[in-house]
Amino acid sequence: MISLIQFYIDVMCILVLGICYFIFRSFEDQISVNMVRCNKALLLSCAFDIMRIISQASGHSTIYFFSLCLLFPSFAIAAAFWMRFCAVQAFLKLPHGFSYRNLLIMAPLFLFVVFCVTDYWHRFMFSVTSDSMLIRNRFFDTLGIACFGYLFTLLLIAGYQFLLGDTSEQRHKGQHLLMFTTGTIMGGLLQYFTNMQWTIACSTVCIVFYIVTVHEDMIFRDQLSGLNTRSRFEIYLSERFEHLHKNPRSYLLFIDIDRFKGINDNYGHLNGDRAIRIVGKIMNLIAQHTGAFVARVGGDEFAALIENGDPGLLSRISELANSYAEIETASAGYEFNLSLSVGCVKVSDADDSISLIELADQEMYRCKARRKARELSDESMDSKGHGLNDRSSASAGDEQ
């Protein structure tokens, strides 16, 4: 009866993992590539587990033994790619192809696979009786160490991301990674103590959970700037407003591109898109240095919600942002000039999230008005200077 239930679980997991595999194939990023490999290894694990169940039920002890020798390495391979996936999610750069870091990650896996596959001859880990009963030998625990060593490593990576991430978005992603990893580890522990096939089932559930979070991220991610969308910003602000309102160092920044319509009209919409991407980079820099939650809230309007802001840095944020925009456009050789207006208000100055957005928007437009006044003043001074130079030249000519 138990074997029949495990058989049905494996078949169901194969169907779900097959669907997940084709979904991952539609993405080309490094994370999805690692998840495709992990998915393949889990599919092999399901296939070998089905072979184990059938051989055990039919009394073929040799096939049963070989299915176990292949089942554990296949899951260890899945765990290794799972760890690599989480490392990439945690913004740890891992190169493609051969490298010493990749070798360091995969070397324990390679040794374990060789050790496990050759167990038919040395029988250090387990052996099988004539009636297909598993006997745990003295090195049997190396199975758990090899398979779950990678999972516990990525649990540390996810915990580090959740507790010490630079931005609130990174910490939010770390929280998802913790949930993603803990489910499989709990399944492995349950399987170890109950001998039921929990690991593959829990791994399949976690992969489905990841697909859901990926699609959620795609829905709430602005494709042009790479930032959060307005809807995600409004949800985040409404959820965190009460907490931020009690903190006197919480701020909301509203940033707007000056004369953005002129960039589109005079230089084309392609250059308008380039301007949006540059501001997206600026917002990510703000997030890295302040831990802000950043979003694109309109066509050329951006917002940054900062929980523990430095007043000295925020007082210079407009200057720093415009300096970076000037350097970025000059280095890229773009024809347009990019300038930004920044409005900064304390969260505690507003009664609710709607009034907070209104205050920040008003402050941003006041900043824009001050910038325009300075530009007009500079133009007036220049024209007066030219006028004086013209009169001086004329009088010099009269004297001659």
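The values are calculated or read from the model by the stated rules, or taken from the named source; none is laboratory data. What you are looking at is a predicted structure, and each value in this text was computed from that prediction instead of being measured. Reconstructed Cβ throughout: ideal geometry from the backbone, glycine too, with neighbour counts over all protein chains shown. Remember, those area values only see protein heavy atoms, side chains included, never the ligands or the DNA or RNA. Shrake-Rupley method; radii C 1.70, N 1.55, O 1.52, S 1.80 Å.
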How many residues of the stretch 272-305 are more than 13 Å from S225 (Cβ to Cβ) and modelled with pLDDT of 90 or more? The answer is 1
Select from the stretch 134-150 the residues that are aromatic (F, W, Y) and part of a helix (DSSP H, G or I) and write down the one among them that is nearest to the chain's Cα centre (by Cα). Y150
Within the stretch 53-71, is even one residue closer than 19 Å to T204 by Cα and either at pLDDT below 80 or of a type in the set (F, W, Y) (or both)? no
Any residue in the stretch 82-100 that is open to solvent by 20 Å² or more (accessible area, probe 1.4 Å), at pLDDT 65 or above and under 21 Å from V36 (Cβ atoms)? no
Would you confirm whether any residue within the stretch 224-240 is under 17 Å from the mean Cα position of the chain (by Cα) and over 24 Å from Q175 (Cβ atoms)? yes
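Per-residue answers, yes or no, for (1) surrounded by fewer than 19 Cβ atoms within 10 Å (Cβ to Cβ); (2) under 30 Å from the mean Cα position of the chain (by Cα); (3) not polar (S, T, N, Q):
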{"residue": "G298", "(1), (2), (3)": "yes, yes, yes"}
{"residue": "S318", "(1), (2), (3)": "no, yes, no"}
{"residue": "A325", "(1), (2), (3)": "no, yes, yes"}
{"residue": "I357", "(1), (2), (3)": "no, yes, yes"}
Report the residue count in the stretch 116-125 for those that are closer than 13 Å to L70 by Cβ and either modelled with pLDDT under 80 or open to solvent by 60 Å² or more (accessible area, probe 1.4 Å) (or both). 1
Within the stretch 126-142, count every residue that is aromatic (F, W, Y) and open to solvent by 40 Å² or more (accessible area, probe 1.4 Å). 1
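Okay, residues lined up against (1) over 39 Å from the mean Cα position of the chain (by Cα); (2) acidic (D, E); (3) part of a helix (DSSP H, G or I); (4) modelled with pLDDT of 80 or more:
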{"site": "V33", "(1), (2), (3), (4)": "no, no, yes, no"}
{"site": "L43", "(1), (2), (3), (4)": "no, no, yes, yes"}
{"site": "A47", "(1), (2), (3), (4)": "no, no, yes, yes"}
{"site": "S130", "(1), (2), (3), (4)": "yes, no, no, no"}
Matching residues, the stretch 333-355, being within 23 Å of N271 (Cα to Cα) and either open to solvent by less than 50 Å² (accessible area, probe 1.4 Å) or among the basic types (K, R) (or both): F336, L338, S339, L340, S341, V342
